[in-house]
Amino acid sequence: MSDRVRRIAEEKAARALRLACHRRAVVAALLATWPADPFARTDAEWSALRAALSEGCDNATIRNRTRQITAYLRVHGRLPAGLCELEGPPVVARQVSLAAADRQQVVVDRDDRIVRVWSKLPVCAAPVSYRDWAWHAAEVVLPPAVPAGVKVCTPTLRPRDGRVRVDLPWQTPHTPARVDGHTRGLGVDWGVNTLLTGTVADLEGGCVVVDGRPLRFDATGVSAKLVRLRRHREHLNTKADHLTRLRDGRPAHADPALTGKLARLQAEHAAVCARIRHLNHALAWSAARWLVDHASAVGATVIYVEDLATLEAAGRSRSLNRRLSGAVRGTVFTAVAHLAAKADIAVVTVPARGTSSGCPRCGTAVTHVKTPEGRVAGYRWAHCSCGLSLDRDHAAAQRIAARGLTNQTKTRRDRNGQAAIRTATDTPVRRRAPTPKQTRPAPVKTSRLLPLRRPGPAATRRSDCCRGRCRWCRSAR
Ligand SMILES: [Zn+2]
């Protein structure tokens with residue numbers, strides 16, 4: 001085997017090892033500072049953990065690894081010695097990263113929309129000499145979504161469903177949007193009532209001013225559909241479990257009908273899962289498109305969102321978690337970052353702590369009450385002693401926008417280019433005086449429904465009844 005092939009394998013192994021090293025360091029830090037109650041660390045325990053961890057380890061990683069260690073503790077009655085005890089050997093995907101090889105192994109040439117990937121591959125199962133290796137060409141037609149004039153990189157090959165898939169990255173020059181110096185931004189809250197609730201905020205002389213109009217992306221219909229599909233999926237799961245137990249209790253090939261039924265159930269389960277996945281994806285991307293279009297339309301140069309990693313730590317309601325899985329929010333976030341980068345709009349995360357529990361005007365704790373109309377379930381309205389009365393998601397969006405705009409100088413980009421404000425202070429939000437509305441004449445009161453039954457004696461002339469609108473007059477006509 002040539003050195004180049006070995007290099008591809010080594011690159012793959014090195015990636016897995018680098019990841020394992022990172023995981024091992026996190027687990028070691030957690031074990032060294034294991035607290036009395038792992039889900040309620042004291043301030044001293046948190047600072048000890050932060051000191052032991054490397055820079056840039058997010059809360060989601062800490063939370064997931066803590067859960068993993070707690071599960072181990074429950075089963076074995078003791079803490080694990082390290083990562084190797086905690087989890088099995090890594091599973092490596094079946095793929096070939098051609099980027100690790102040079103031009104003697106891989107050549108990529110391009111003819112407008114057609115990319116030809118030439119790679120030297122063995123012609124038999126166990127190659128022994130140079131003669132057993134030959135150049136193979138794979139032709140890839142670029143999809144229409146890839147713009148002309150981009151630079152095509154060396155791909156990764158992976159087998160799937162009996163075919164070879166080509167993961168072809170492409171590059172296009174892009175300068176990231178600036179992270180400070182903004183005067184108009186969009187604050188967005190992952191809503192309890194709606195998927196996204198936004199507000200436009202301006203920075204005017206150190207004060208944050210809002211116009212008081214909420215922007216809402218309401219996904220009630222799709223959410224209801226998703227809930228129905230998830231329920232159906234659970235139902236199918238229960239049925240399949242039941243049938244599996246029945247089949248396992250019987251001798252082999254005792255009941256072919258049972259096996260057939262089980263196979264049908266599994267096929268339907270897979271179809272429902274795929275439907276949920278596609279719906280989540282479509283929902284996330286349309287929400288992101290809506291948000292970025294709104295930001296462009298109002299001339300905002302930055303979008304502030306809550307940091308997803310700290311969202312659960314902020315103790316959000318369980319109903320939100322049920323209605324929208326974290327995965328959807330993650331997809332929305334990725335999609336927003338992608339679309340905003342194209343529109344030259346910065347996306348900055350702010351800490352989620354206390355965004356919906358504080359008043360945007362005075363900063364004191366708000367109470368969550370029923371909506372003034374009282375038609376919908378839940379406590380969706382924020383009420384404060386200073387006189388604030390607002391939809392709670394809208395209030396949270398105002399607070400997020402204020403946090404972002406006034407802490408712009410603390411924005412940092414991490415290694416992946418993700419801009420974030422780690423610690424933030426709150427500033428009161430002022431509402432702009434409303435522009436005087438045009439006075440309209442008072443609407444004329446009319447009855448909503450036309451009478452089905454003639455209210456009095458028959459009219460002799462059309463104008464006596466309803467001027468030809470009711471069915472009595474129509475039949476007389
Ligand atoms: Zn207040």
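Scan segment 176-191 for residues that are surrounded by 14 or more Cβ atoms within 10 Å (Cβ to Cβ), small (Gly, Ala, Ser) and assigned to a loop (DSSP other than H, G, I, E, B) and report the count.
Qualifying residue count, segment 176-191: 2.
Test of understanding: among ALA93, ALA99, which residue is surrounded by 11 or more Cβ atoms within 10 Å (Cβ to Cβ) and either under 32 Å from the mean Cα position of the chain (by Cα) or part of a loop (DSSP other than H, G, I, E, B) (or both)?
ALA99
Taking GLN408, is it assigned by TED's automatic domain parsing to the domain that holds PHE217, more than 16 Å from the ligand (Cβ to nearest atom) and within 17 Å of ARG184 (Cβ to Cβ)?
When the stated conditions are applied, GLN408 passes them.
I need the strands (runs of 3 or more DSSP E) fully contained in segment 104-175, keeping only those with at least 1 residues that are farther than 26 Å from MET1 by Cβ and over 26 Å from the mean Cα position of the chain (by Cα).
It comes to 106-111, 114-122, 133-141.
Mind listing whichever residues of segment 357-381 are of a type in the set (A, V, I, L, M, F, W, C) and within 16 Å of the ligand (Cβ to nearest atom)?
Answer for segment 357-381, where residues must be of a type in the set (A, V, I, L, M, F, W, C) and within 16 Å of the ligand (Cβ to nearest atom): CYS359, CYS362, ALA365, VAL366, VAL369, TRP381.
Could you give me the residue pairs with C-beta distances under 7 Å whose first residue belongs to segment 48-66 and is part of a loop (DSSP other than H, G, I, E, B), whose second residue is surrounded by 13 or more Cβ atoms within 10 Å (Cβ to Cβ) wherever it lies, and which are 6+ apart or on separate chains?
Taking only residues 6 or more apart or on different chains, the pairs are LEU53/VAL26; LEU53/ALA29; SER54/ALA25; CYS57/VAL26; ASP58/ALA309.
Okay, residues lined up against (1) at pLDDT 95 or above; (2) farther than 19 Å from GLN418 by Cβ; (3) touching a strand residue (DSSP E or B) at 6+ places or on another chain (Cβ under 6 Å):
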{"site": "ILE276", "(1), (2), (3)": "no, yes, no"}
{"site": "ALA282", "(1), (2), (3)": "no, yes, no"}
{"site": "SER286", "(1), (2), (3)": "no, yes, no"}
{"site": "ASP307", "(1), (2), (3)": "no, no, yes"}
{"site": "ALA313", "(1), (2), (3)": "no, no, no"}
{"site": "ARG322", "(1), (2), (3)": "no, yes, no"}
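Kindly check whether there is at least one residue in segment 382-393 that is more than 13 Å from the ligand (Cβ to nearest atom), assigned by TED's automatic domain parsing to the domain that holds HIS294 and either more than 17 Å from VAL429 (Cβ to Cβ) or over 26 Å from the mean Cα position of the chain (by Cα) (or both).
No, the conditions are met nowhere in segment 382-393.
Looking at segment 340-368, I want the residues that are in contact (Cβ under 8 Å) with a residue 40 or more places away in the chain and have a partner that is aromatic (Phe, Trp, Tyr) and assigned to a strand (DSSP E or B) with Cβ atoms under 7 Å, at least 6 apart or on another chain. Which pairs are those?
VAL348/TYR304; VAL350/TYR304
So, in segment 369-384, how many residues would count as being surrounded by 14 or more Cβ atoms within 10 Å (Cβ to Cβ) and in contact (Cβ under 8 Å) with a residue 24 or more places away in the chain?
Final tally of qualifying residues: 3.
Inspect segment 30-46 for any residue being surrounded by 15 or more Cβ atoms within 10 Å (Cβ to Cβ), without any contact (Cβ under 8 Å) to a residue 40 or more places away in the chain and charged (D, E, K, R) and give the result as yes or no.
So far as segment 30-46 goes, yes, one or more of its residues are surrounded by 15 or more Cβ atoms within 10 Å (Cβ to Cβ), without any contact (Cβ under 8 Å) to a residue 40 or more places away in the chain and charged (D, E, K, R).
Please identify the pairs in which a residue from segment 161-179 that is touching a residue at least 60 places away in the same chain (Cβ under 8 Å) has its Cβ atom under 6 Å from the Cβ atom of a residue that is assigned to a loop (DSSP other than H, G, I, E, B) and of a type in the set (Ser, Thr, Tyr), counting only partners at least 6 apart or on another chain.
VAL179/THR411
Of the residues that make up segment 275-284, is at least one within 18 Å of LEU229 (Cβ to Cβ), in a helix (DSSP H, G or I), within 14 Å of the chain's Cα centre (by Cα) and among the basic types (Lys, Arg)?
Yes, the conditions are met somewhere in segment 275-284.
When the residues of segment 67-90 are filtered to those that are over 32 Å from the mean Cα position of the chain (by Cα) and of a type in the set (A, V, I, L, M, F, W, C), which remaining residue is surrounded by the fewest Cβ atoms within 10 Å (Cβ to Cβ)?
In this case the residue turns out to be VAL75.
The values are calculated or read from the model by the stated rules, or taken from the named source; none is laboratory data. Owing to the predicted nature of the structure, the values given are computational and were not obtained by experimental measurement. Heads up, the Cβs are rebuilt from the backbone with ideal geometry, glycines too, and the neighbour counts pull from every protein chain shown.
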